[in-house]
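Undergrad: Take a look at the following structure, please.
The values are calculated or read from the model by the stated rules, or taken from the named source; none is laboratory data. Everything quoted here is computed from the prediction, not taken from an experiment. In this analysis, Cβ positions are derived from the backbone assuming ideal geometry, glycine residues included, and neighbour counts consider all displayed protein chains. Accessible surface areas use protein heavy atoms only, side chains included; no ligands, DNA or RNA. Shrake-Rupley method; radii C 1.70, N 1.55, O 1.52, S 1.80 Å.
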Amino acid sequence: MVMGCMIEALPITTREKSGGGTTLTIKPEILAINGLVREAELEYLWELAKQAPKEGVVVELGTFNGRSAAVLCDAVGPERVVTIDSWIMQHHGKNNTDIVEENLSKINPILPDIRTSYTTVLPEDINEVAFLFIDSDHSSFVLQREYRAWNKALIEGAIVAIHDYGVERYGDYTSKIDELFSSAEKIGIIDTLI
């Protein structure tokens, strides 16, 4: 298992860097989706998903409005993406599932597998995970339960990315990440995405 490694990949779109070369740029329609994952983190997430093994699914735990789900769909195709959230919130009379579907359909008419479920339970139909992105409850208790549930489905060479690493307001969340993934190869971190 690898956590957060940088790669060279074909970017979504590119822009010229000062001094030559190109850099990844997230599509404006993805950035227009309300979310808490910053642009640099989205770029890193896209690169990590591209590097994941080609067999197996790409799973997102914690979806909110679909911003990072859109990046994962763009990186590997919506057919490979499963996004899971408990979605207990409602905004402007809509539940979050409807908001995610609406947001993602503006970018691609093919939607990923969008599920309302607990992130701590591995669905019976998922047994090969190539990439796991955790951005759900941000408590060490839930993270440990997610780890126990999903670790057994990670295939060889799978990549795990976790958002909000090092954020103090989440208490011992970062130390729990370090504990649970102590044997994982850690290569990089962008902002709070490891």
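Undergrad: Would you please give the residues with an amide H less than 5 Å from that of Ala161, counting only those at least 5 places away or on a separate chain, with H modeled from the backbone geometry?
TA: Leu132, Phe133, Ile134
Undergrad: Going highest first, how would you order 45-55, 71-81 by mean Cβ packing within 10 Å?
TA: Result, highest mean first: 71-81, 45-55.
Undergrad: Considering only protein heavy atoms and a 1.4 Å probe, what is the carbon-and-sulfur percentage of the accessible area of the range 111-194?
TA: 45
Undergrad: For Glu102 and Val167, what does the FRET efficiency come to when R0 = 41 Å and r is the distance between their Cβ atoms, rounded to the nearest 0.05?
TA: So the FRET efficiency works out to roughly 0.90.
Undergrad: I need the peptides 56-64, 127-135, 95-103 ranked by packing, meaning the mean over residues of other C-beta atoms within 10 angstrom, with the highest value on top.
TA: Packing proxy ranking, top to bottom: 56-64, 127-135, 95-103.
Undergrad: A further question follows. Under 21 Å between C-alpha atoms is the cut-off here; go through the chain and count lysine pairs that meet it, provided they're at least eight residues apart or on different chains.
TA: Step by step, the pairs that qualify in the chain add up to 10.
Undergrad: Explain nothing, just the number: relative contact order of the range 80-179, from Cα pairs under 8 Å at least 6 residues apart, as a whole percent.
TA: In percent, rounded to a whole number, it is 26.
Undergrad: Still on this model: Per residue, how many Å² of accessible area does the chain show with a 1.4 Å probe?
TA: The answer is 49 Å² per residue.
Undergrad: Sticking with this one: Using the per-residue mean of other Cβ atoms lying within 10 Å as a proxy for protection, in what order, highest first, do the peptides 136-143, 166-173 fall?
TA: 136-143, 166-173
Undergrad: How many nm separate the modelled label positions at Arg145 and Ala40, each set 7 Å beyond the Cα in the direction of the Cβ?
TA: Modelled inter-label distance: 3.4 nm.
Undergrad: Helices from the chain with mean Kyte-Doolittle at least 1.0 and a Cα length along the axis of 24 Å or more, per DSSP H: which?
TA: none
Undergrad: With a cut-off of 8 Å between alpha carbons and a minimum separation of six or more residues, what is the relative contact order of the chain in percent?
TA: Reported relative contact order: 27 percent.
Undergrad: Let me ask something additional. Looking at [x] 57, 37, 28; [y] 44, 42, 35; [z] 44, 32, 32, which value of Cα extents along the principal axes in Å comes from a calculation on the structure shown?
TA: The calculated read-out lines up with [y].
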